[in-house]
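A short worksheet on the structure shown next.
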Amino acid sequence: VAVDTSATKALGLLDVTNAGIRISNPNEFALLGDVSKKDKDFALSSDIDLEDSGIWIGPENYSGHFYGNGYTIKNLVLQPSGSSSNRNLGLFKSVRSNAEIKDFTLEVSTVNETSIYAGGIFFGGVVGTLPTAGTGGVAAATNVIIEKVVVKGTLAIGGTNDYLDIGGVIGVMEHGTSVEIKRCVSELDIALNGTAPNTKTFCSFGGLVGTTTGILLIENSYATGTINVYHNSGDLMLRAGGFVGSTWKGSAADGGFITINNSYTAGTIIAEKNSTTGWSVSGSYTELSAGGFLGSLSGDANDSTITISNSAALNGSVLALCSTSPTTTYGSFGITRANYGRLIGSVFNNAASGVSVSGNIALESMKLGYTTPGSTFSGTSDANGREGETVTAETLKTPGYWTTTLNWDANIWDFSKVSTGSLPTLK
């Protein structure tokens, strides 16, 4: 890879390798936001502390390779605003085809702002948006790889209008995009506290991805943060998932395909509307959905699909908190006003054939329901069913259960502490 010598000379850098521009301090880190370097490769050579660097504005349409070399980016602060130019938020506002982002820990937080852009906010710890094909012949972002990334901290937002897609790693994947998320961890708490009255709002929050209409692979990864999507009024769709908030597919070319292998979630998942008003939308519906892996699987003219195999829903609670008639149905959609599930919160009728599940488990003590604290699962335990096979915490203390029953790779996962009640971690 060619080195950007003009930039490195300007900074007086001495340690530049063929990995591209080496970053060792906050001033050098700022080069990542330089629009002229959106196709350059970057490599961290030390931990980066951005405590005194203010609000981070990430690069758009980044198509290079970012190598973290195992270092940590600390105190990255993101802030939504009322401007359409700042609707995509993340370490990278957006990325393009063949971008690779690997091997670092990101500690991120938000400065809350209630006066946000009405056209929607796409908010990811690592990437705000994988954009669809655009004007001027720009292709949709495909073949993106995000690997060995750990995200910690809090993404929180206040008043809302229109769309909010928030994920620990990616905010939104648009039509025709594709990404592989491998050996990644989200310990990020994600929260919406929406109090704006009489809004028509779509909110989709996920431990790794907010919303996808593209092709998404999640493999050997886990998410443990709390996801709490709350709104007190207005016409709403609120979706929360341990990995993904929602997916849908509008046409055969769009995507809407999710594959999850050898991964687990363990955070509390809540979608809540605490209001008796705003439940009727002309020609549409208002709905809450919360799921251990996926909040909602919906379709349109064509089916969305999700394939989940050898994965574990170990959440403490999965709740769709609703104060008014939670079991009211919505016509031919095949869903109710409030929906929850150990693996998937809701599946629309026209997407039901797109669910493929095998070898999955769910924690016996998980609480589910329309009210807090919820109750434990009373349905059919089935490793090849939509609610998974019920397992106890004691079962999970045996390393061989993970490697033999779930077929997880001991070269990737560390099971050394599971006998004490801890969950596996990535090596």
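What to note about this one:
- Residue identified as of a type in the set (D, E, K, R) and at pLDDT 95 or above among 103, 165: 103
- Residues in segment 190-226 that are at pLDDT 90 or above and hydrophobic (A, V, I, L, M, F, W, C): 190, 205, 208, 209, 215, 216, 217, 218, 223.
- Scanning segment 132-156 for residues being surrounded by 24 or more Cβ atoms within 10 Å (Cβ to Cβ) and part of a loop (DSSP other than H, G, I, E, B) gives a total of 1.
- In segment 39-75, residue surrounded by the fewest Cβ atoms within 10 Å (Cβ to Cβ) [restricted to those that are of a type in the set (A, V, I, L, M, F, W, C) and without any contact (Cβ under 8 Å) to a residue 40 or more places away in the chain]: 57
- Test result for residue 396, surrounded by 14 or more Cβ atoms within 10 Å (Cβ to Cβ) and under 20 Å from residue 185 (Cβ atoms): yes
- Restricting attention to segment 397-424, the residues that are within 25 Å of the chain's Cα centre (by Cα) and in contact (Cβ under 8 Å) with a residue 24 or more places away in the chain total 8.
- Flag if residue 351 is open to solvent by less than 20 Å² (accessible area, probe 1.4 Å) and outside any strand (DSSP E or B): yes
The values are calculated or read from the model by the stated rules, or taken from the named source; none is laboratory data. On a predicted model such as this, the values are computed, not experimentally measured, just so you know. Positions of Cβ are generated from backbone atoms using ideal geometry, with glycine treated the same way; all protein chains shown enter the neighbour counts. Ligands, DNA and RNA are stripped out before the accessible areas are found, and what is left, the full protein with its side chains, is counted by its heavy atoms. Shrake-Rupley method; radii C 1.70, N 1.55, O 1.52, S 1.80 Å.
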